[in-house]
1. Answer yes or no as to whether THR119 is over 30 Å from ALA355 (Cβ atoms) and either surrounded by fewer than 20 Cβ atoms within 10 Å (Cβ to Cβ) or under 55 Å from the mean Cα position of the chain (by Cα) (or both).
2. So, of the residues in the range 1351-1401 that are in a loop (DSSP other than H, G, I, E, B), open to solvent by less than 10 Å² (accessible area, probe 1.4 Å) and not hydroxyl-bearing (Ser, Thr, Tyr), which turns out to be farthest from GLU1297 (Cα to Cα)?
3. For a quick check of your reading of the model, give me the residue pairs whose first member lies in the range 502-527 and is within 24 Å of LYS1474 (Cα to Cα) and open to solvent by less than 30 Å² (accessible area, probe 1.4 Å), whose second is modelled with pLDDT under 90 and of a type in the set (Asp, Glu), with beta-carbon atoms closer than 7 Å and at least 6 apart or on different chains.
4. For the range 1081-1144, which fully contained helices (runs of 4 or more DSSP H) count at least 1 residues that are among the charged types (D, E, K, R) and in contact with a helix residue (DSSP H, G or I) (Cβ under 6 Å, 6 or more places away or on another chain)?
5. Exactly one of these conditions fails for ILE1379: (1) hydrophobic (A, V, I, L, M, F, W, C); (2) at pLDDT below 80; (3) under 28 Å from THR1332 (Cα atoms). Give me its number.
6. Report those helices (runs of 4 or more DSSP H) wholly inside the range 138-248 carrying at least 2 residues which are open to solvent by less than 50 Å² (accessible area, probe 1.4 Å), among the charged types (D, E, K, R) and touching a residue at least 40 places away in the same chain (Cβ under 8 Å).
7. Across the range 607-633, what is the total count of residues that are in a loop (DSSP other than H, G, I, E, B), among the β-branched types (Val, Ile, Thr) and either exposed (fewer than 15 other Cβ atoms within 10 Å of the Cβ) or modelled with pLDDT under 50 (or both)?
8. GLY465 - would you say it is over 23 Å from the mean Cα position of the chain (by Cα) and surrounded by 20 or more Cβ atoms within 10 Å (Cβ to Cβ)?
Amino acid sequence: MSLAFCGNENNSLAYNVDRGVLNNGCFLDALNVVPHIFLLFITFPILFIGWGSQSSKVHIHHSTWLHFPGHNLRWLLTFILLFVLVCEIAEGIVSDGFTQSLHLHLYMPAGLAFMAGITSIIYYHNIETSNFPKLLLALLFYWVLAFLMKTIKFAKYTEHSVGLRQLRYCITGLLALLYGLLLAVEINVILGRRYLCFTEATEVKPPEDLQDLGVRFLQPFVNLLSKATYWWMNTFITAAHCRPIDLKVIGKLPIAMRALTNYLKLRKAFESQRVKRPLGSMPQGPKWIWRALRQAFGRPLIISITFRFLADLLGFAGPLCISGIVHHISKDNRTIQPPIKLLGVYFISSQEFLANAYVLAVLLFFALILQRTFLQASYYVAIETGINLRGAIQTKIYNKIMRLCTSNMSMGELTVGQICNLVAIDTNQLMWFFFLCPNLWAMPVQIIVGVILLYYLLGISALIGATVIAVLAPVQYFVATKLSQAQKSTLEYSSERLKKTNELLRGIKLLKLYAWEHIFCHSVEETRDKELTSLQTFALYTSISIFMNAAIPIAAVLTTFVVHVHISEEADLSPAVAFASLSLFHILVTPLFLLSSVVRSTVKALVSAQKLSEFFSSDEIGDEQEPNATINHNNKYQAVVSTQLSHNVLRTLCFLELVESVVITSGYFTWTDGTPTLSNINSKVPFGQLTMIVGQVGCGKSSLLLAALGEMQRVSGTVTWNMMTDSEGEQVVTCQCCIPGQAVDSCFHCVYLGRKRGSVAYASQKPWLLNATLVENITFEMPMIKPRYKAVIEACSLQPDIDILPQGDLTEIGERGIILSGGQRQRIGVARALYQQTNVVLLDDPFSALDIHLSDHLMQEGICKLLREEKRTVVLVTHKLQYLPHADWIIAMKDGTIQTEGTLKDIQNSDPKLFEQWKTLMHRQDGEFEKSMTVLERKNLRRAMYSKEAAKTEEEHEEESVESEVDDSLSQAMRHRTTIPWRSCGVYLSSAGLLLPLLLLSQLFKHTLMVAIDYWLAHWTSHVITAKMDECGFSHSWYLSVFSVLCCLGIVLCLVTSVAVEWTGLRVAKELHHNLLSKIILAPMRLFETTPLGNILNRFSSDTNTIDQHIPATLECLSRSTLLCVSALGVISYVTPVFLIALVPLAIACYFIQKYFRVASRDLQQLEDSTQLPLLSHFSETVEGLTTIRAFRYESRFRQRLLEYTDANNIASLFLTAANRWLEVRMEYVGACVVLIAAVASISNSLYNHLSTGLVGLGLTYALMVSNYLNWMVRNLADMEVQLGSVKRINGLLKTEPENYEGLMAASQVPDGWPRQGEIQIQNLSVRYDTTLKPVLKQVNAHISPGQKVGICGRTGSGKSSFSLAFFRMVDMFEGRIIIDDIDIAKLPLQTLRSRFSIILQDPILFSGTIRFNLDPEMKATDDMLWEALEIAQLKPVVKTLPGGLDAMVTEGGENFSQGQRQLFCLARAFVRKSSILIMDEATASIDMATESILQKVVMTAFADRTVVTIAHRVHTILNADLVIVMKRGIILEYDRPQALLEKEDSVFAAFVKADK
């Protein structure tokens, strides 16, 4: 075929210019080439120079500053222009198809215009980001020329009676309009910014966000194309491949998305409602919350819903285009009427244009691209709005917490758990509602349009098919409700199992020593069985849900076609109708599946709004306690001085004297609305002095402090802070904060601030600690002053504790100070109060958890020395009356009122009886003090735990290996980041056993059958067409019966696969948990010492939950989407083998997209989870420490920290959302390419190779499915990868080598009563904690006779505890042996050995359950034996008074008994066992003197005939022993009777005894 610009037919009018050149159609087209050639020649050199300079741009933000007016409109118009130009090219090609020679003028100008359009937007983007506005002149000329040329062409067409019936006329008019609009936009930019014709341009600054290099979330700032395709994420996602994503990498949130910005928006919405109400009262109920949310966040939601509408309407283009394409190629006569010829040029109508199959294929491609872009934009806007809303509500909740009345908390109206649920659950429910909100509006439209189109295709039978779907939708909702209930009951059993597992792990040492681990393991297994039963219900309903999702479309299609064929014999069941209907049913099913989750989400959101409404309307503290927002504090928290005070004020203030810190006049205070807790309080706290508040338990001492701080509800009276008097004693004014030693003028502002108090250092009775390092807990955001810090540490005797912590004072002490004892927590709380430089210090019973030595040291060094030297006002609540002589002022309380106040001398004179009572108690406590031993020795010994000894010996070894291990693990982690954990997948699937082949076969059969159903439909409908062409009769019955059988089999297989997946998941969950529990209880103690307890517990909690509930669902989704994609690609390749060539580049693109996405997605998911934990713990910390925070006046600091945590969590969520959209846009564009290639290939194949129309329809339907399921496949693969991490971690623990429980002797060979005598021979014993560590006992020899009482002492790390553990084979005895009653313990089975001894540990451990269970878990002892044991331990009276006696409940950790009582229970437990050997491992270390004397007495009497080995904590406890062993560094230093050792002058034991006196 010859080629010429105007065509070269002999009779062509193309070259005829008799009536003027402008009346020649070919010349008009040639003229339109000029502007495009001009633009391409002008811009290319500039672009290359521009791109060269782009490489020098360093800041990522520089290239995202979009500041020209009409920016988005330009991009929008350019996109429309490009689409219209594609239509013009297509129209030209279709028109040209009717001639012998090719007429280039029909489509070449449009092609050049398309290139020019792309060049114009690239050129504009470079100019805008490089900020060279004068270069816009080239574009201005281009738009002028293009507009003129198109207008001339349009005018000539009109002149020659070319009208709206001709498509090219419409396209030309539309292009003229678009060029005109773009010209207007250009003129607006040049004039608006004064870039031309003006001497000075308008100065524009980039927004604050783009000037901040920390802001890396650029979605709001990039151009429209980058916004739609998330192009700006490319560098971020590819960089994640080389470097893990952390908070530094993702940077800060843009200002508009920060929690504070959104909170202010929400607050404004709430306030506007208050203004609308009469008298400005606060609105109540959930309605006002919904109104405020609508006002604050409604606009972006409307945008999201609009995008969703557009996407859903474009979604129907797929079925319609399939119908059109198949209809076109199935026509018998494919020739179309020749087009009209005017101006020497051919013209076609829009009907002729749209009747072309290739045109429809291209339009389908564009429709898919647009639909996916709008859908992802809708998702993104909804999710971003939801995240912003969550941040705003969390901030509002936090601000409310800061103003909450303390009585709400103390009276149980609001618990920490309830408030944390509001934050963790209810805010997320509202966020999820906003995510799903567009569905709520879009679903009805989708359903209505879908049903109308089905009716148009199939008539009345379509309505019957739609009815099947509609009838089954409520069943879906019912199943979803049942699923929710099953999940709730599973959660209850899961919590109970975790509680038991936690107890088992915390008490594992005791359980192993007593050989009780199997009893507790069985208890956990019982709860797990209940949980699995609940999980079975969950699995059943999940499988029903999966089954219905798969089966409903099959049932609907089957019903529809059966009815359609039977209604009339001449029913149209062509491939066009059948496959368009099939696609429509798939579209129609989606909203009905979503219906159940959307309805559930809506119900949950309504409940959450109700809860939030109740919380927001709860009582707040009085307005007078609101911190003054106008004051700025510097680092020392001293108020900034106003420089505008007059000299008169200065002179006045110089004569003022501060005499009272706090004055309460006629105060009545209450916690609730009932009787006042404090009545008729008239009291004062002198300035700069030590005031003590004393009185019996419950008389209102702590309440008095809280009343002064404004935490109680004031019924009447006044509280005045910092009262000043003038030189004549007249009261003048109250002052906020005068720091001792500070210049007088820095208090000037106080004159104007009335009675609002300043910061007060407060240490509560129940110590409150942050989840931070120890040093951060003490400095509490004050600058670090080393000398002061050291003095405080010394005063609180914290140095020995710091030395024991692994990283010293930089150790993270965990939530609520979880790793510390009560006394340590108390001292850190006091240290915080001492360290602050506030004027007033309130200490609420700081000695309650401290022993007498620590109390005395704290009193002398901390309160009397440190605080008094600084002349600070100290108020001390205490029961330790021996400190009363130190007090400058004493307030004695009784029954909620003040009994008396004054100095000690005043009280001695005014109330001698009370003074005498105090005197008696003071002497008694002083005596107790004198009897006790020195402080530091006890502190060091108290913490000698055997894991510490092990740590000492391995310290050097660890130091060497730590660095290399860190390097190795990092490089290894980087290597493994890109690979899918196939091994973990293998572990998971191999645990399924015989269910695995069933799962695989059922999935393969199901998808094969699905393809068979659709293939049979293609075969059937093709025969319908053939029969029509041949004009012979056609019977549907045979085809219909086969189709029905296949559909029914398909439905059955859907059920089988859904059940198989869930049951496989259940089997694996059962198997893995059972194996894990079995391994853990048999693991050596070394595992529990070297692995944090939280890590092991996480395997049983979050990891087990993932395996139980998440992996089966992800596995099902992944297998379904993968097999659907594979089967779809297989069908397309079968229909058009040419497709395989195009498949290669598409597959490579998919591979790289998923490879990069998986790594980034995993990092972002982990980051989102890890940023949520600090946020939630900050809420719970704040609620627990509310009084302390408000006392310190630190509300603003904690609010600031909350905003940081919220923003960190939100930016991780936003990046994760953007990454998901990045993937989905790309995968769906690849899917659209698959559809285009498959459509073009199958059309060509049908037209030239006579491929059956049924197969064309089949190929196109499957091509549409690919675009839907490709991104699901990658998303599920990424999720699966994260979830398989749980399997990997559990598998890591499953590799633990268990203890050797077997012995050379069988359990039956061990004599029944062994050991009867209790004789112990230790021969050359060497012991270590692990084969890799140095020995902790070296060549130890000893002989202990039956019934002897042996004491072992030595400094920390000497090997005392290791000595006791060797009897139980808890350590590696690699040399020597221990012979007890003539049997070598190494030959005994471990269970038997441990069950024959008794031990009392330093830390008393009780389990939740009955007292009976705690004393005798094996249930072997009679009630008499148990009562006898309790009597011996002096506990019988205590237990008798409890309801239920022996069956009285013990709470978790024995919290309902005191420390001393818990230790006595442990003694009773040891006695119940009645073994002839008892080991006491520092059993008296953490109990008071009275309990210790009971314990010693019992050991001497009840255990008189038994062998007792005592690891000594206080040396005087072993003075009465028969034999003393002194140890040092794993060897026996001294071995003799205590008297003999005391007589030796150089004896180490004697030195210990002297130090202990």
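The values are calculated or read from the model by the stated rules, or taken from the named source; none is laboratory data. Since the model is a prediction, treat every value here as computed from it, not as a measurement. No Cβ is skipped: glycine too gets one built from the backbone with ideal geometry, and neighbour counts run over all protein chains shown. The accessibility values were calculated without ligands, DNA or RNA, using every heavy atom of the protein model including side chains. Shrake-Rupley method; radii C 1.70, N 1.55, O 1.52, S 1.80 Å.
1. Spelling it out, THR119 is indeed over 30 Å from ALA355 (Cβ atoms) and either surrounded by fewer than 20 Cβ atoms within 10 Å (Cβ to Cβ) or under 55 Å from the mean Cα position of the chain (by Cα) (or both).
2. Let us first name the residues in the range 1351-1401 that are in a loop (DSSP other than H, G, I, E, B), namely 1354-1359, 1367-1371, 1381-1382, 1388-1389, 1396-1397, 1401.
Now restrict to residues that are open to solvent by less than 10 Å² (accessible area, probe 1.4 Å): 1354, 1358-1359, 1367-1368, 1388, 1397.
Still in the list and also not hydroxyl-bearing (Ser, Thr, Tyr): 1354, 1359, 1367-1368, 1388, 1397.
On the way: GLY1354: 33, GLY1359: 25, PHE1367: 21, PHE1368: 18, LEU1388: 19, PHE1397: 25 Å.
Looking at the filtered set, the residue picked out is GLY1354.
3. Correct list of pairs: LEU511/GLU517.
4. In the range 1081-1144, the matching helices (runs of 4 or more DSSP H) lie at 1085-1090, 1111-1135.
5. Condition (2) is where ILE1379 drops out.
6. Per the criteria, 167-192.
7. Matching residues across the range 607-633 total 2.
8. yes
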